[in-house]
Amino acid sequence: MFLRRVPRIVYHFVFVALFIVCLQSLRAQEPGIASTPPMGWNSWNHFHRMIDDKTVRAQADAMVSSGMRDAGYVYINIDDTWEGERDAQGNILTNSKFPDMKALADYVHGKGLKLGIYSSPGAKTCAGYEGSLGHEQQDATTYANWGIDYLKYDLCGLRTEMKKASGPEAEHKIMIGAYVKMRDALRGTGRPIVYSLCQYGVDSVWSWGAEVGGNLWRTTGDISDHYARMEEIGFAQAGLARFAGPGHWNDPDMLEVGNGGMNAEEYRTHMSLWAILAAPLLAGNDLTTMTPETIALLTNREVIAVDQDRLGKQGDRVTEEGPIEIWARPLADGSKAVGVFNRLSTPLSATVDFRQLGFPAPVQVRDIWQAKNLGTMKEPYTVTVLPHGVVFLRVK
């Protein structure tokens, strides 16, 4: 009887309120982590084992003072060799190089940055330090309590366990189980932590990385500060675009820009290709000693805008003619980022046929590195590309 007296408009408001609550609940359950490729810095490429609390703080300071933070770089990631022993309860401790990880995280957070850490699903890490095998939930809880925002989880140490398996299928099962176990442990903390699978492309990780909770996964072996290795890794990403998207990215490894093994043109190729690949941009140099040229390469806003484009579509190779390769990436505003790459050590002429890129009408073209509008073009564009260089265009 009472319900009949309630005005219909009240039912309407109740329904709307319940709908909003349910919608908010669903949104709260969405991870929302790594909606664009992570940007930041990692210690390994430059410092290797020679990393400590003081160095990490200095890198955080330099990320801010150089303008990198304001350009989008936020993660300060500590790689291997921070680990100490475990206490009587099995909790992981830091070694003497990192006297107080929580205090370090607070310092990094105070700079408007985030802190990342490293471990392995095996008993030991690559460098022989304490891994997470059998302590996944303990370690995840410790990381969350410290204020960690990013975990690089390296397959290295698990290979010992995998070798005990009887055949490839059993090895694969062990590997998948290990990554799922840490995924569940991280989620169980309630803290949003980027989950980076450092897995070297074993067993076509791009086909299952997202299923085990990876926000990014390594598709290759380690990069080095040489053009030949960067080229080998970068151009080998052809065909993997369909596996990437918001929250889950193919990772061709960290940047070498500024470490000195390549010239400026080769580093421009490095940055351009990684941007087209929607790759994570994790600087691997010493941020405290950067030249203005290195800062300009790493903080180019137009290049970063391509990498971080909200559409989240990885680019791919369009044409290949000898050492000239043309790659393109669709962008949210309907334009495309186009990289014209010369893999030869001498200058070469290259022609971009915009019809092959899906543009039947005249196009507007901008040279990204020159920050220069090239105007409207109706015919194919012919340009000279420097040795190991790139002409990086935005076409609409």
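The values are calculated or read from the model by the stated rules, or taken from the named source; none is laboratory data. Predicted model only: the values in this text are computed from it and were never measured. Here Cβ is always computed from backbone atoms with ideal geometry, including for glycine, and neighbour counts include all displayed protein chains.
Tabulated results
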{"quantity": "From the options Ala170, Ala144, Ala140, residue that is out of contact with any strand residue (DSSP E or B) (no Cβ under 7 Å at 6 or more places or on another chain) and exposed (fewer than 15 other Cβ atoms within 10 Å of the Cβ)", "calculated": "Ala170"}
{"quantity": "Number of the condition not met by Asp253 [criteria: (1) closer than 20 Å to Arg343 by Cβ; (2) surrounded by fewer than 24 Cβ atoms within 10 Å (Cβ to Cβ)]", "calculated": "(2)"}
{"quantity": "Any pair with Cβ under 7 angstrom, 6 or more apart, that starts in the stretch 196-225 at a residue that is basic (Lys, Arg) and ends at one that is not in a strand (DSSP E or B)", "calculated": "Arg218/Gln199; Arg218/Tyr200; Arg218/Gly201; Arg218/Asp253"}
{"quantity": "Out of Ala88, Ala71, Ala60, sole residue that is on the phi < 0 side of the Ramachandran plot and in contact with a Ser or Thr (Cβ under 9 Å, 6 or more places away or on another chain)", "calculated": "Ala71"}
{"quantity": "Hits in the stretch 339-361 (condition: aliphatic (A, V, I, L, M) and not in a loop (DSSP other than H, G, I, E, B))", "calculated": "Val340, Leu348, Ala350, Val352, Leu357"}
{"quantity": "Some residue of the stretch 235-245 being surrounded by fewer than 18 Cβ atoms within 10 Å (Cβ to Cβ), in contact (Cβ under 8 Å) with a residue 40 or more places away in the chain and under 14 Å from the mean Cα position of the chain (by Cα)", "calculated": "yes"}
{"quantity": "Extreme residue, nearest to the chain's Cα centre (by Cα), among residues of the stretch 362-376 that are of a type in the set (Val, Ile, Thr) and not in a loop (DSSP other than H, G, I, E, B)", "calculated": "Val365"}
{"quantity": "Selection within the stretch 241-296 - among the charged types (D, E, K, R) and assigned to a strand (DSSP E or B)", "calculated": "Asp251"}
{"quantity": "Filtered residue count, the stretch 63-90, keeping only those that are assigned to a strand (DSSP E or B) and of a type in the set (Gly, Ala, Ser)", "calculated": "1"}
{"quantity": "Sole residue being of a type in the set (Gly, Ala, Ser) and farther than 19 Å from Thr81 by Cα, chosen from Gly112, Gly131", "calculated": "Gly112"}
{"quantity": "Residues (in contact with a Lys or Arg (Cβ under 9 Å, 6 or more places away or on another chain) and over 25 Å from Asp61 (Cα atoms)) located in the stretch 112-131", "calculated": "Pro121, Gly122, Ala127, Glu130, Gly131"}
{"quantity": "Among the residues listed as Leu93, Leu115, the single one being assigned to a strand (DSSP E or B), assigned by TED's automatic domain parsing to the domain that holds Gly40 and surrounded by fewer than 20 Cβ atoms within 10 Å (Cβ to Cβ)", "calculated": "Leu93"}
{"quantity": "Condition broken by Gly258, with the remaining ones in (1) crowded, with 22+ Cβ neighbours inside 10 Å; (2) over 15 Å from the mean Cα position of the chain (by Cα); (3) within 15 Å of Leu386 (Cα to Cα) satisfied", "calculated": "(3)"}
{"quantity": "Residue list for the stretch 288-313, restricted to those being exposed (fewer than 13 other Cβ atoms within 10 Å of the Cβ) and of a type in the set (Val, Ile, Thr)", "calculated": "Thr289, Thr291"}
{"quantity": "Count of residues meeting criterion [out of contact with any strand residue (DSSP E or B) (no Cβ under 7 Å at 6 or more places or on another chain) and not hydrophobic (A, V, I, L, M, F, W, C)] in the stretch 335-361", "calculated": "6"}
{"quantity": "Members of the stretch 320-363 that are surrounded by 16 or more Cβ atoms within 10 Å (Cβ to Cβ) and either within 24 Å of Met39 (Cβ to Cβ) or in the same structural domain as Ile276 (by TED's automatic domain parsing) (or both)", "calculated": "Trp327, Ala328, Arg329, Pro330, Leu331, Ser335, Lys336, Ala337, Val338, Gly339, Phe341"}
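Residue by residue, here is whether (1) loosely packed, with under 10 Cβ neighbours inside 10 Å; (2) out of contact with any Gly (no Cβ under 6 Å at 6 or more places or on another chain); (3) at pLDDT 95 or above; (4) of a type in the set (Ser, Thr, Tyr) holds:
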| position | (1), (2), (3), (4) |
| --- | --- |
| Arg5 | yes, yes, no, no |
| Phe13 | no, yes, no, no |
| Arg27 | yes, yes, no, no |
| His48 | no, yes, yes, no |
| Met63 | no, yes, yes, no |
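Rundown of residues vs (1) over 19 Å from Gly157 (Cα atoms); (2) at pLDDT 95 or above; (3) touching a helix residue (DSSP H, G or I) at 6+ places or on another chain (Cβ under 7 Å), yes/no style:
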| site | (1), (2), (3) |
| --- | --- |
| Ile176 | no, yes, no |
| Ala185 | no, yes, yes |
| Leu197 | no, yes, yes |
| Trp206 | yes, yes, yes |
| Gly209 | no, yes, no |
| Gly213 | yes, yes, yes |
